[in-house]
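Here the structure comes first, spelled out in structure tokens, and everything after it is commentary.
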Amino acid sequence: MEGIVVIKCGGSTVDELSPDFFHSIAAMKKKGKHPIIVHGGGPAINNMLVQMQIKPEFVDGLRKTTADVLEAAELVLSGKVNKKIVSAFQPTQATAIGISGIDGDLIKASPINLETLGYVGKVEEINVRFLQQLIQNEFIPVIAPIAADINEGKLNINADVAAAAVARAIDAEELIFVTDVDGVLVKGQLAETLAVTEVNALVENGTIYGGMIPKVRAAADSLTGKLEKVTIANGNGKNTHEDGTLKGTTIIKKKAITS
Ligand SMILES: Nc1ncnc2c1ncn2[C@@H]1O[C@H](COP(=O)(O)OP(=O)(O)O)[C@@H](O)[C@H]1O
Ligand SMILES: CC(=O)N[C@@H](CCC(=O)OP(=O)(O)O)C(=O)O
């Protein structure tokens, strides 16, 4: 299928997204493209955990997920954030459908390391046919990153990882991470284009840290098939150039050698 665009909305920015953002995605659908939204909700999960008197803990940007944390994450992601995004499409001409990775066997995963991370999964399988049926039927899927464990139970998936896995499995043309910064900043300046080797070096030397790590790693892993570039951009509504192209950091496999 042509024209698939996966848009990951970070939890850092979901509350700030403007009506224009949702109208532009609806317009994209009307023009024959197929947007798919994958969302996060890290800050909202943190708030819920604080209310439950549980201290949020992360390892390289991935949340340590005990059974209680998993329950809170599902409640917040599938219940609150997912429905908020779906509702935001109501004033547009598009119809969004909210699902998580457990609906329609959309995302199957296995635990990364039960001892160090708890119920955090890595993606094993995506039900591409189910997604294709949704997008052919004019829906805009809005996906919460909770997956079915291939054995039993559920797993928490980092939303960047889930978005990249969806983009790769469905052979998307574009993957866009919408977040709360203009892109990857190096010494305070926006890096407009980065090759995978440069990204790895920036993680290694600590310039890229925390929540930006799963984003750039997921971007690097998804650069296969039709997908030639991944963009990280700000969701503050000021992220387009005058010609309508997206401002931000573009991650590509390799930079062309120029002499
Ligand atoms: N080099 C970097 N450039 C920009 N942001 C960075 C960098 N390294 C780490 N970050 C952090 O990554 C954050 C974005 O990741 P995260 O908070 O997980 O957002 P989201 O919820 O959108 O996934 C930024 O707000 C910033 O604090
Ligand atoms: C395993 C893991 O880290 N899961 C994430 C899922 C949500 C997410 O990724 O939200 P952001 O996009 O806002 O970071 C979490 O529990 O926070």
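The values are calculated or read from the model by the stated rules, or taken from the named source; none is laboratory data. Just so you know, these numbers come straight off a predicted model, no measurement behind them. No Cβ is skipped: glycine too gets one built from the backbone with ideal geometry, and neighbour counts run over all protein chains shown. Calculation scope for accessible area: heavy atoms of the full protein, side chains included, ligands and nucleic acids excluded. Shrake-Rupley method; radii C 1.70, N 1.55, O 1.52, S 1.80 Å.
A Gaussian network model of the chain, with springs between Cα atoms under 10 Å, assigns the largest mean-square fluctuation among Ser222, Ser12, Ser100 to Ser12. In segment 1-83, the DSSP beta bridges split such that about 25 percent are antiparallel, to the nearest 5. Probing with 1.4 Å while keeping every protein chain in the model, the per residue accessible area of segment 4-252 equals 48 Å².
What percentage of the solvent-accessible surface of the chain, computed with a 1.4 Å probe over protein heavy atoms, is contributed by carbon and sulfur atoms? That fraction is 49 percent. Taking other residues whose beta carbon is less than 11 angstrom from the beta carbon of Ala159, and scoring Lys, Arg as +1 and Asp, Glu as -1, yields +2. Listed values for segment 42-53 are Karplus-derived 3J(HN,Hα) couplings in whole Hz (6.51 cos²θ - 1.76 cosθ + 1.60, θ = phi - 60°), namely x, x, 5, 5, 4, 4, 5, 5, 4, 4, 8, 6, and x replaces Gly and Pro. What does the charge count around Ala96 come to, taking other residues whose C-beta lies under 12 Å from its C-beta (Lys +1, Arg +1, Asp -1, Glu -1)? After counting each charged neighbour, the total is +2. Once all Cα-Cα distances of segment 207-254 are split into 10 Å bins that start at 0, what whole-number percent is in each one? That works out to 24, 46, 29, 1, in percent per bin.
With all pairs of separate Cα atoms included, segment 87-175 yields a Kirkwood hydrodynamic radius of 13.6 Å.
Against the compact-protein benchmark of 2.2 N^0.38 Å, the Cα-based radius of gyration of segment 4-252 scales to 0.95.
His34: net charge of surrounding residues, Cβ under 14 Å, Lys/Arg +1, Asp/Glu -1, itself excluded? The answer is 0. Size of segment 1-148 from its Cα atoms: along the principal axes, largest to smallest, the extents are 46, 31, 22 Å.
When +1 charges are put on Lys and Arg Cβ atoms and -1 charges on Asp and Glu Cβ atoms, the dipole computed for the chain relative to its Cα centre reaches about 340 debye. The antiparallel fraction among DSSP beta bridges confined to the chain stands at about 35%. Only one residue of Ile176, Phe21, Gly41 has its Cα farthest out toward the positive end of the dipole of segment 4-252, where Lys and Arg carry +1 and Asp and Glu -1 on Cβ, and that residue is Phe21. The length gained on full extension between Thr116 and Val128, counted as 0.36 nm times the residue separation minus their Cα-Cα distance, comes to 1.3 nm.
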